[in-house]
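Trainee: My questions will all concern the structure given below.
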Amino acid sequence: MGMGTSNFVIRWINFLTMLLAIAVAIFGVWMSTHHDGCRKSLTLPVLGLGGFIFLVSMIGFLGALKKNAILLWIYLILLCMILVAILVFTVLAFIITNNGSGHNVSGLRYKEYQLKDYSSWFLKQLNNTDNWKRLKSCLVKSEDCNNLAKQYKTLKQYKMAKLTPIEAGCCRPPSECGYPVVNASFYDLSFHPVSSNEDCKLYKNSRVVKCYNCDSCKAGVAQYMKTEWRVVAIFNLALFVVLSIIYFVGCCARRNAGQTRQCKV
């Protein structure tokens with residue numbers, strides 16, 4: 001690749017990623033203005049990500065603009081570290097999300113999930129008292145369970161619904177409990193549960209209790225995280241390919257900058 005072409009490409013790519021970093025930082029500041037602790041907890045990671053992207057992009061942009069071999073070396077080292085980190089995270093994500101799937105229940109259009117089906121990493125994270133306390137607080141604030149009664153106004157609509165893993169695990173007792181359904185947000189708990197599953201005793205109709213302390217809720221969260229992680233892992237594969245191409249162009253720009261410096265000497 002020619003000297004002018006590689007430098008031009010690196011300059012514009014990093015200029016665009018600097019704009020992206022600014023957008024990420026603005027998004028982080030916007031999240032910090034929310035009183036919702038679930039969103040505010042992500043503020044620092046988002047701001048840190050925006051700052052890191054901006055720093056790497058600035059180094060690459062200045063290195064290509066000034067044809068500075070040292071800056072381009074630093075840029076390539078940082079880019080290489082990012083590529084390794086993406087590769088390691090993607091492999092781990094596929095390994096961690098390899099286990100776990102839903103179980104079909106007769107008469108229902110959605111699946112139910114069991115915590116024991118998921119990887120030991122998920123079990124460790126979700127069974128940690130502090131982790132689950134924070135997650136449960138976010139689930140209660142999300143109002144997902146309370147919105148079911150608004151979405152499905154009749155019992156027939158509710159029984160025909162395709163609930164999400166979190167709705168299926170956190171907003172209702174497991175089907176094996178045998179509690180009669182009154183409506184989308186209320187079950188008749190006067191009946192003695194037909195199952196010894198501890199979740200049957202933990203479920204309450206209260207909007208702040210529901211089945212948030214149940215293993216079925218943790219399993220629903222695990223399934224949600226598994227799906228999200230798979231999407232991120234696939235995105236990372238595409239990102240890895242794009243960054244590898246940028247790394248190759250950066251190598252050309254660095255080599256050309258080195259040759260230019262030798263010619264000046």
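Trainee: For the pairs LYS153/LYS226; LYS116/LYS153; LYS136/LYS162, flag any whose C-alpha to C-alpha distance is greater than 28 Å. Present the calculation step by step, with values, prior to reporting the outcome.
Mentor: Values: LYS153/LYS226 31 Å; LYS116/LYS153 33 Å; LYS136/LYS162 22 Å.
Among LYS153/LYS226; LYS116/LYS153; LYS136/LYS162, the Cα-Cα distance tops 28 Å for LYS153/LYS226; LYS116/LYS153.
Trainee: For the range 147-190, take the convex hull of the Cα atoms, compute a quarter of its surface area, and give me that in nm², please.
Mentor: Values: hull surface 11.9 nm².
Over every viewing direction, the Cα hull of the range 147-190 projects on average to 3.0 nm².
Trainee: Pop out the ³J(HN,Hα) list for the range 230-235 in order, Karplus 6.51 cos²θ - 1.76 cosθ + 1.60 with θ = phi - 60°, rounded to Hz; leave Gly and Pro as x.
Mentor: Each residue's phi maps through the Karplus curve to give 4, 4, 5, 5, 5, 4 Hz.
Trainee: Using label points projected 7 Å from each Cα along Cα→Cβ, tell me how many nm separate PHE248 and SER106, to one decimal.
Mentor: Between PHE248 and SER106, the simple spin-label model gives 5.8 nm.
Trainee: Which number comes out as Rg/Rh for the range 16-155 once both Rg and the Kirkwood Rh are worked out on C-alpha atoms? If you can, show how the numbers build up before the last one.
Mentor: Numbers: Rg = 21.7 Å, Rh = 19.4 Å.
Reported Rg/Rh, Kirkwood definition of Rh: 1.12.
Trainee: What do you get for Rg/Rh of the range 79-126 when both radii come from the Cα atoms and Rh is the Kirkwood radius?
Mentor: Reported Rg/Rh, Kirkwood definition of Rh: 1.21.
Trainee: Further, regarding this structure: Give me the three principal axis extents of the range 148-246 from the C-alpha atoms, as integers in angstrom, largest value leading.
Mentor: 64, 30, 22
Trainee: With all pairs of different alpha carbon atoms counted, what Kirkwood hydrodynamic radius in Å does the chain show?
Mentor: So the Kirkwood estimate lands at 21.9 Å.
Values quoted throughout were computed directly from the atomic coordinates according to the rules given, and no laboratory measurement underlies them. What you are looking at is a predicted structure, and each value in this text was computed from that prediction instead of being measured. Reconstructed Cβ throughout: ideal geometry from the backbone, glycine too, with neighbour counts over all protein chains shown.
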